[in-house]
Amino acid sequence: MKEKIIVTGACGQIGSELTVALREQWGNEAVIATDVKTPEGELADGPFAHFDVLDRDRLGALIQQHKPTQVYHLAAMLSATAEKYPLKGWQLNMDSLLYLLEAAVEANIRKVFFPSSIGAFGSHTPKDQTPQYTTMDPSTVYGISKLAGEGWCQYYFEKRGLDIRSVRYPGLISYKTLPGGGTTDYAIDIFYQALQKGNYTSFLSADTPLPMMYMPDAIKGTLQLMEAPADQLTVRTSYNFAGFTFTPDQLAQAIQQHIPSFTIQYEPDYRQAIADSWPSSIDDSFARKEWGWQPGYSLEDMVADMLKNIRAKTATNTY
Ligand code: SER
């Protein structure tokens with residue numbers, strides 16, 4: 001079957017890499033990147049449409065023009081920013097999803113992807129090896145919107161027959177595009193500061209463990225889920241999805257293996273409370289069993305690869 005794919009939020013941290021991966025898989029012309037930002041780098045090499053996901057008419061026009069078979073709805077406001085702009089965060093994350101779900105049913109779009117997050121869990125969720133089905137009481141606007149989004153995904157699957165699939169991403173670590181306004185952003189910033197200044201001030205405390213994943217694994221898993229036969233998937237809210245867990249102290253030690261003089265200090269801010277409400281590690285056995293998920297990168301592999309790539313990027317000054 002010939003695919004035509006629309007990606008929203010394509011200029012974001014996930015979108016900028018997922019769009020390129022989708023183009024490698026389906027061909028450049030098959031994947032339309034959309035965003036309110038202007039695409040840069042390799043993302044600019046394929047079709048692009050300016051699209052504010054709250055513009056429902058524009059969504060209808062894009063669907064009519066491109067007749068997509070799949071949509072990856074990545075546009076969202078992350079956890080830390082949404083705490084600053086709660087109503088805006090809710091509106092962006094929720095309204096855009098509902099517009100898309102309705103449009104997808106109407107236009108018979110074959111498959112939709114919705115990113116959920118470890119942020120959908122809360123302080124009464126078991127922290128270690130958090131199960132697929134468990135207490136979810138998010139305390140952030142972002143988390144509430146993701147949990148509600150999961151519920152809508154299941155609703156549209158069950159009541160409207162939409163094949164919508166989702167994972168709960170852990171903190172994602174990447175070097176191509178910076179994340180914007182997440183609680184896990186420290187784990188990226190630390191690499192730039194380590195290379196540029198040899199020192200980092202962490203906004204999370206030394207012993208805050210969080211589930212994390214290296215972007216190549218996140219892309220691989222997302223494509224794997226979207227290619228899995230529909231009848232193998234029993235989770236229609238969102239799949240637990242795990243890479244590895246580390247604390248800021250453990251990450252700093254892993255960086256010190258490469259840069260022995262690197263130093264770190266800790267000044268926790270409002271994001272500490274957000275991190276404290278999230279799990280430490282995730283049980284992703286449903287993903288492993290139902291669509292063959294297996295991460296490829298360890299913490300050490302990720303750190304070596306991040307340092308190598310950020311060094312190269314800094315040398316050519318392309319960030
Ligand atoms: N990385 C995201 C955040 O920190 C979690 O999904 O907001």
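No lab work stands behind these numbers, since they all come straight from the coordinates. Predicted model, so just to flag it, every value in this text is computed and none were measured. With ideal geometry, Cβ positions are generated from the backbone for all residues, glycine too; neighbour counts draw on all protein chains shown.
Quick notes on this one:
- Of the residues making up segment 265-286, just one is farther than 22 Å from residue 79 by Cβ and crowded, with 16+ Cβ neighbours inside 10 Å, namely 286.
- Per the listing 270, 297, 266, the residue uniquely hydroxyl-bearing (Ser, Thr, Tyr) and within 16 Å of the ligand (Cβ to nearest atom) is 270.
- Across segment 276-288, a minimum of one residue is classified as hydroxyl-bearing (Ser, Thr, Tyr), closer than 29 Å to residue 309 by Cα, under 19 Å from the mean Cα position of the chain (by Cα) and within 16 Å of the ligand (Cβ to nearest atom).
- Long-range neighbours under 7 Å by Cβ, at least six apart or interchain, first residue more than 18 Å from residue 22 (Cβ to Cβ) within segment 57-69, second among the acidic types (Asp, Glu): 58/52
- Remark: pairs (first residue in segment 143-164, closer than 15 Å to residue 99 by Cβ; second residue within 16 Å of the ligand (Cβ to nearest atom) and in a loop (DSSP other than H, G, I, E, B); Cβ separation under 8 Å; 6+ apart in sequence or on different chains) = 145/76; 153/237; 153/238.
- Meets criteria (more than 13 Å from the ligand (Cβ to nearest atom) and more than 16 Å from residue 169 (Cα to Cα)) for residue 129: no
- Annotation: residue 191 fulfils all but one of (1) within 18 Å of residue 305 (Cα to Cα); (2) away from the ligand (no atom under 12 Å from the Cβ); (3) in contact with a strand residue (DSSP E or B) (Cβ under 7 Å, 6 or more places away or on another chain); the unmet one is (3).
- Residues located in segment 206-233, provided they are in contact with a strand residue (DSSP E or B) (Cβ under 8 Å, 6 or more places away or on another chain), within 16 Å of the ligand (Cβ to nearest atom) and under 21 Å from residue 300 (Cα atoms): 209, 210, 211, 212, 213, 214, 215, 218, 221
So that you can scan it fast, the table gives a plain yes or no per residue for (1) in a loop (DSSP other than H, G, I, E, B); (2) under 18 Å from the mean Cα position of the chain (by Cα):
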position: 82; (1), (2): no, yes
position: 89; (1), (2): no, yes
position: 96; (1), (2): no, yes
position: 99; (1), (2): no, no
position: 102; (1), (2): no, no
position: 108; (1), (2): yes, no
position: 116; (1), (2): no, yes
position: 123; (1), (2): yes, no
position: 126; (1), (2): yes, no
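- Residue tally, condition farther than 16 Å from residue 67 by Cα and buried (at least 24 other Cβ atoms within 10 Å of the Cβ), over segment 14-38: 6
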